[in-house]
Amino acid sequence: MGTLLKEAGYSLQGNRRTLEGTGHPDRNAQFEFINAKAREAINAGRPLISVDTKKKELVGQYKNGGKEWMPQGKPEEVKVHDFVDKELGQANPYGVYDVANKTAWASVGTDHDTASFAVETIRRWWRQQRFTCAALEIGIAAPSR
C-alpha cells in the first residue's frame with residue numbers, strides 16, 4: 001500500500017499550522033489596551049511579568065522528539081511505552097518573565113493543581129527578586145487558551 005501511495009505522489013507528513021480562525025473586529029484594540037496597561041505598570045515602577053505553563057513532561061527514560069549526539073549505533077535506550085512512572089510522575093514547568101528587566105524564572109514541580117503551582121512560582125520569583133515594600137502591586141500578563 002505504501003508503494004502505491006508513493007507512486008501516486010503521497011508522502012508521510014505531519015500537519016502544519018497555517019489556517020487562521022476568524023479575526024475578532026477589536027483584536028488590535030485588545031492589544032493596544034494590554035500594551036497601555038503594561039507601559040503604565042512599568043512607568044509606575046511596578047513589576048510586570050508574563051507567566052505561562054508548558055506541556056507536562058514524563059520524568060524518566062522516555063522517547064522525546066529531540067536528537068542528541070551519540071556514538072554511531074549506540075542510541076540512548078528508552079522505555080517502549082510512555083506510561084507515567086508512578087514514583088517519578090510528571091514534571092510541570094511554569095515560567096515567569098520579568099518584562100522590564102528582561103529576566104526569566106522557571107519552576108518545575110509535580111503538583112497537579114495548576115493554579116496553586118502558578119501562585120507558588122510567582123511567590124518564589126517575588127522573594128528571589130527581593131522587591132522593596134514600595135512595590136505593592138504587580139502586573140501579570142497570562143495568555144488564555
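I'd like to know if region 28-35 contains one or more residues that are in contact (Cβ under 8 Å) with a residue 60 or more places away in the chain and in a strand (DSSP E or B). No. Given the criteria outside any helix (DSSP H, G or I) and among the basic types (Lys, Arg), does Lys6 qualify? No; evaluated as a whole, the condition is false for this residue.
When the residues of region 1-35 are filtered to those that are polar (S, T, N, Q) and loosely packed, with under 10 Cβ neighbours inside 10 Å, the one that is nearest to Ala104 (Cα to Cα) is Thr18. Tell me, please, whether a residue that is under 30 Å from Thr121 (Cα atoms), in contact with a strand residue (DSSP E or B) (Cβ under 9 Å, 6 or more places away or on another chain) and assigned to a helix (DSSP H, G or I) can be found in region 63-86. No, the conditions are met nowhere in region 63-86. From Asp98, Asp82, grab the single residue that is modelled with pLDDT of 85 or more and over 30 Å from Gly21 (Cβ atoms). It is Asp98. Look at region 88-102: where a residue is closer than 10 Å to Val59 by Cα and a partner is β-branched (Val, Ile, Thr) and modelled with pLDDT of 85 or more, sitting 6+ places away or on another chain with Cβ atoms under 6 Å, you get Ala91/Val108. Counting just the residues of region 36-66 that are among the polar types (S, T, N, Q) and free of Cβ contacts under 8 Å to residues at least 60 places away in the same chain, which one comes out surrounded by the fewest Cβ atoms within 10 Å (Cβ to Cβ)? Here the answer is Asn43.
The values are calculated or read from the model by the stated rules, or taken from the named source; none is laboratory data. Source: prediction; values computed, not measured. Virtual Cβ from ideal backbone geometry, glycine too; neighbours counted across all protein chains shown.
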